[in-house]
Amino acid sequence: MYIRLITLFVLLSQLSFAQTPAPFGAVPSSRQLQWHKLKYYAFVHFNMNTFTNEEWGHGTETADMFNPTQLDCRQWARVAKEAGMEGIVITAKHHDGFCLWPSKFTEHSVKNSKWRDGKGDVLKDLSAACKEYGLKFGVYLSPWDRNHPAYGTSEYNEIFKSTLKEVLTQYGNVFEVWFDGANGEGPNGKKQVYDWPGFIATVRQYQPNAVIFSDAGPDIRWVGNEDGYAGETNWATLNRDKVYPGYPNYWELTPGHEDGTHWVPTEVNCSIRPGWYYHASEDNKVKSLEHLVDIYYSSIGRNGNWLLNLPVDRRGLVHENDVARLMELKAYTDKASVNLAGGKKITASSVFSKTPTFAASNILDKSRDTYWAAADGTKQATLDINLGKSTTLNRLLIEEYIALGQRVKKFAVSAWKDGKYQPVAQGTTIGNRRILRFPTITTSKIRVSIEESKASPLIRHIEIYNAPELIVPPAISRSKEGLVSIVCPRTTDPVITYTTDGSEPTASSPRFSQPFAMPQVGTVKARAFIDNMKKASSPVSTDFDISSTKWTVVSAGGSTSAKGTDRLIDGNPNTSWQQRKTGEEPVTVVLDLGETLSLKGFTYLPRQDGRKNGIVYRYAVSVSQDGKSWSAPVSQGAFSNINNNPVGQSIRFDQPQSARYLKFDALETTSEKDATVSIAELGVLTR
Ligand code: FUL
């Protein structure tokens, strides 16, 4: 009797186990699951730097410099909504310490500006606008504060918590708190030891539903770059206890840690322009539609949410050029996500417990709460989708049921052709959402094969699309000889048209056939056409200063015959010159410009190959008439945020300098341990 009871108990417990698949590994919290329902929302960088033309302010600015003329947060919200975005995260306080709301805990805030006679409050306006437009409201707060007198002391941690409390208790629901990992010196030259557990506890206390972003989460993590690209392999799991804000092995954040102890998925942040803040000089550098679409598939399509930055301008508005591009992107993604698989027939190689609850049909229904589960213990499976008729397609979206953990390591898509399934595309991880892009095919049946999974696969949803193909815009470059080339390597037989008078290129503009001379200052705009000039890429535009035709490198790294110095001025962003740095001595490059020029500033392009070694942080520039007697530095300082966002730097001198020689001293690189200096290009500004 006793034995029989035990057997019955064991059977019953197996039955109840068998009714739902067991969770695997780290799983998301309910606040993370809510966040996973989002995909695309705006970052807004708007603060003191907007008015000082900086990326990292110094904290020495006066409150009066903040003075938007037409600030309208409702315009931001309207644009975000029309662009299909789901929320806005605002830089409430950046590294210079200026607060966009009248904080009690600093004098450096809107309360002491002339803007609205010190009565304005950007957070109040924005949170109300978000509410009106049905958007979520989030805040970026930099713990690094270059202004606050208490920064660098333990008192500052208490002040920062009080500051957080102000932001989190006065403006309604906050869906996300974005903590920046940058940590430099404050006004007294000291760095702060942050009380992260205290900061996190403060957010949990006042906004328990908000997700917290940092390099280390705890809820969502940085993706390891500011370019907009998540890893093709992207685990939502992370060994969180090993990572901290400012984590030096940032590259681990891109793929995450397979088998990581905690669920900390990626949020992919990038800017619609080269910089995070508004600079009028970047009005023509809004990313092309094709670039943004590529980022869309590389963020939203690679298990991330996309935080796209809009640098609000000095008026206090999202600039017209950015608005136009956002709407083009919305129109494109709408067309590119018309589902061709909804409600079609699907069969699976196995089903968990053979119950209809976990049937494959759950994958093609509208609900994201139902899912298909493979038979317990199965790590491979196939899903066959019958589209019912010959269908043209080139994208496949697939989602795991992540509430029970991330499982799939490798999968493939094949299409029925000539009596068998033929390979079309493959991927590694899936997670919350993965979109595969492949060349356009026409077929009536698609097979998704889960080839490797850490536990029995659970798939929640699949969609199939036929996205319009975009034409990659041309790339414009200029050689040392001052010859401009325009190429379009990824498009077959394009016709490229261009202009040099600032006008927009059209089908009837001059056609590019061979490099042309532009040794002096000028702007080249170009466009690629295909299909008998019927389809066009977006236009692209490049501003050139004078070319390096007459220049020579007099010395580099202390030597007059150092190797590879031609790379410093060859006009090719993809080559760089490297030099080992010994001790405290700067690495110096001297250029002879071949003639006396009125120099307004200089440019430095860091290496563009994605590696970080040798990126110059602190610099000094001097000039000379004869290459022997040198001025005191006409410019010295640090390139803001250059490590995370290694774009070209243009630094203006306070006064124009008449000179023939220019000396660039690389004083320090972005990594303290680094013994190498690397320079892709050096140049001058003459206009
Ligand atoms: C970085 C900051 O240093 C940049 O200025 C910018 O705010 C970016 C989003 O995060 O860490």
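The values are calculated or read from the model by the stated rules, or taken from the named source; none is laboratory data. Predicted model, so just to flag it, every value in this text is computed and none were measured. Neighbour counts run over all protein chains shown; Cβ positions are idealised from the backbone, glycine included.
For Asp543, state whether it is modelled with pLDDT under 95, more than 27 Å from Thr596 (Cα to Cα) and among the acidic types (Asp, Glu). No; evaluated as a whole, the condition is false for this residue.
One residue stands out among those in the stretch 206-242 that are outside any loop (DSSP other than H, G, I, E, B) and among the charged types (D, E, K, R): the one that is nearest to Pro265 (Cα to Cα), which is Arg221.
Which one of these is on the phi < 0 side of the Ramachandran plot and assigned to a helix (DSSP H, G or I): Ala415, Ala403, Ala425, Ala455? Don't jump to the end; show me each part of the working.
Values: Ala415 fails: assigned to a helix (DSSP H, G or I); Ala425 fails: assigned to a helix (DSSP H, G or I); Ala455 fails: assigned to a helix (DSSP H, G or I).
The conditions single out Ala403.
Would you please name the residue that is nearest to Arg527 (Cα to Cα), looking only at residues in the stretch 538-563 that are not in a loop (DSSP other than H, G, I, E, B) and not hydroxyl-bearing (Ser, Thr, Tyr)? Spell out the reasoning first.
Taking the stretch 538-563 and keeping what is not in a loop (DSSP other than H, G, I, E, B), we get 540-544, 552-556, 559.
Those still in the list that are not hydroxyl-bearing (Ser, Thr, Tyr) too: 540, 543-544, 553-554, 556.
On the way: Val540: 6, Asp543: 15, Phe544: 17, Val553: 35, Val554: 38, Ala556: 38 Å.
Checking each candidate, the answer is Val540.
All conditions but one from (1) under 34 Å from the mean Cα position of the chain (by Cα); (2) in a loop (DSSP other than H, G, I, E, B) apply to Arg652; the one that does not is (2). Restricting attention to the stretch 410-427, the residues being surrounded by 18 or more Cβ atoms within 10 Å (Cβ to Cβ) and within 21 Å of Thr378 (Cα to Cα) number 4. Out of Thr261, Thr202, Thr254, one residue alone is under 25 Å from Gly87 (Cα atoms) and touching a residue at least 40 places away in the same chain (Cβ under 8 Å). It is Thr202. Applying a threshold of 7 Å to beta carbon distances and a minimum spacing of six or more residues, or different chains, the list of pairs starting in the stretch 124-152 at a residue that is at positive phi and ending at one that is of a type outside the set (Lys, Arg) and within 16 Å of the ligand (Cβ to nearest atom) reads Gly152/Gly186; Gly152/Gln192. For the stretch 313-324, the count of residues that are outside the structural domain of Ser537 (by TED's automatic domain parsing), within 16 Å of the ligand (Cβ to nearest atom) and crowded, with 21+ Cβ neighbours inside 10 Å is zero.
Select, from Asp219, Asp259, Asp283, the only residue that is surrounded by 22 or more Cβ atoms within 10 Å (Cβ to Cβ) and charged (D, E, K, R).
Numbers: Asp259 fails: surrounded by 22 or more Cβ atoms within 10 Å (Cβ to Cβ); Asp283 fails: surrounded by 22 or more Cβ atoms within 10 Å (Cβ to Cβ).
The match here is Asp219.
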